[in-house]
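Note sheet for the following structure.
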Amino acid sequence: MTAVRSDFTIEQNWQGYSEEEHAIWRLLFERQQRLLVGCACREYLEGLGMLGVAADGIPDFRRLNDVLDHATGWRIVAVPGLVPDDVFFAHLARRRFPSTCFIRRRDQLDYLQEPDVFHDICGHVPLLMNPVFADYLQAYGEGGLKAFGLGHLQHLARLYWYTVEFGLIATGEGLRIYGSGILSSAGESVYALNDPRPRRLRFDLRRIMRTRYRIDDFQEIYFVIDDFRELFDATQPDFAPIYREIAALPDLEPSACLAEDRDYTPRRRKKIGPHLSAAQV
Ligand SMILES: [Fe+2]
């Protein structure tokens with residue numbers, strides 16, 4: 001058993017993975033890659049390619065860290081499972097992403113309630129190659145430490161859930177996924193973009209902080225950003241007055257509809273007329 005350090009980190013022990021564990025990674029990776037082209041946002045796919053995360057087996061964190069640290073100053077640290085909130089935030093605030101090491105069993109390919117190495121590495125780490133998203137996650141960690149002290153963790157946790165885990169982004173090519181909870185789920189990748197049942201609202205910090213979420217099924221509501229700069233800018237104000245403001249308002253169920261909700265509607269692509277070139281429209 002690997003020793004757990006005081007900051008809850010452990011050694012990944014990459015040499016200790018069995019052939020069966022690498023084979024499960026291959027299965028998950030190949031299946032997900034077939035789905036993600038045309039579903040995942042460009043920044044995610046670029047990060048995945050630059051990191052060299054591939055189908056050949058569970059990656060060695062030391063190799064990934066060489067690339068990641070050089071690109072944005074982030075590092076992956078191995079942890080035995082979910083860590084206490086304050087520990088998690090402290091790692092993020094220091095640009096250290098806590099990743100689990102174990103991989104799900106073959107009979108858990110489609111559903112796993114807790115994060116495993118496939119979710120953490122394939123879902124979360126590629127976007128840490130993007131400088132703006134990398135800054136957002138560090139700012140989130142710093143905000144988490146403040147929220148912890150102010151007793152508003154629940155409100156801040158919803159921001160993580162509806163962005164880092166289940167966020168959608170509007171692009172010139174249409175709606176795309178950046179949330180790792182969706183990216184590491186074959187079923188939800190299709191559902192989140194194409195199913196008519198869930199609501200898709202424009203990013204709204206206060207609305208997100210008031211909205212409960214479910215962990216046992218696909219989401220009933222998603223929030224759509226225009227770009228990662230919007231996320232980073234959202235974490236810049238002091239959240240203390242915002243917490244006070246929303247603490248006076250009721251929490252919202254994921255199915256709730258408010259008159260002020262801003263639904264996401266896909267941008268219309270301009271038609272190219274017979275006398276216009278694409279460059280003119
Ligand atoms: Fe996650």
Name the residues in segment 140-153 that are aromatic (Phe, Trp, Tyr) and either within 12 Å of the ligand (Cβ to nearest atom) or crowded, with 21+ Cβ neighbours inside 10 Å (or both), would you? 140
Looking at 137, 45, which one is in contact with a helix residue (DSSP H, G or I) (Cβ under 9 Å, 6 or more places away or on another chain), in a helix (DSSP H, G or I), open to solvent by less than 10 Å² (accessible area, probe 1.4 Å) and not small (Gly, Ala, Ser)? 137
Yes/no for residue 92 being within 25 Å of residue 191 (Cβ to Cβ), within 14 Å of the ligand (Cβ to nearest atom) and either of a type in the set (A, V, I, L, M, F, W, C) or in contact with a Phe, Trp or Tyr (Cβ under 8 Å, 6 or more places away or on another chain) (or both): no
Since residue 119 meets every condition but one in (1) open to solvent by less than 10 Å² (accessible area, probe 1.4 Å); (2) in contact (Cβ under 8 Å) with a residue 40 or more places away in the chain, which condition does it not meet? (1)
Criterion: within 15 Å of the chain's Cα centre (by Cα), within 12 Å of the ligand (Cβ to nearest atom) and over 21 Å from residue 240 (Cα atoms) - qualifying residue of 127, 137: 127
Is it fair to say residue 156 is open to solvent by 10 Å² or more (accessible area, probe 1.4 Å), more than 14 Å from the ligand (Cβ to nearest atom) and touching a residue at least 60 places away in the same chain (Cβ under 8 Å)? no
Output yes when any residue across segment 9-28 is surrounded by 16 or more Cβ atoms within 10 Å (Cβ to Cβ), more than 21 Å from residue 110 (Cα to Cα) and acidic (Asp, Glu), and no when none is. no
Unmet criterion (only one of (1) open to solvent by 60 Å² or more (accessible area, probe 1.4 Å); (2) among the hydrophobic types (A, V, I, L, M, F, W, C); (3) out of contact with any strand residue (DSSP E or B) (no Cβ under 6 Å at 6 or more places or on another chain)) for residue 35: (1)
From the option list 132, 87, 67, single residue qualifying as open to solvent by 20 Å² or more (accessible area, probe 1.4 Å), under 17 Å from the mean Cα position of the chain (by Cα), farther than 25 Å from residue 218 by Cβ and aliphatic (A, V, I, L, M) is 132
Among the listed residues 57, 47, 73, identify the single one that is of a type in the set (Gly, Ala, Ser) and either modelled with pLDDT under 95 or more than 24 Å from residue 185 (Cβ to Cβ) (or both). 73
Just to check your reading of the model, which residue among 105, 94 is touching a residue at least 24 places away in the same chain (Cβ under 8 Å), over 19 Å from residue 236 (Cα atoms) and among the basic types (Lys, Arg)? 105
Residue set 103, 121, 169, 76; condition part of a strand (DSSP E or B), under 28 Å from residue 49 (Cβ atoms), within 15 Å of the ligand (Cβ to nearest atom) and not acidic (Asp, Glu); output residue 76
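The values are calculated or read from the model by the stated rules, or taken from the named source; none is laboratory data. All values reported here derive from a predicted model rather than from experimental measurement. Cβ coordinates were reconstructed from backbone atoms using ideal geometry, including for glycine residues, and neighbour counts include every protein chain displayed. To get the accessible areas, we keep the full protein, side chains included, count just its heavy atoms, and leave off ligands, DNA and RNA. Shrake-Rupley method; radii C 1.70, N 1.55, O 1.52, S 1.80 Å.
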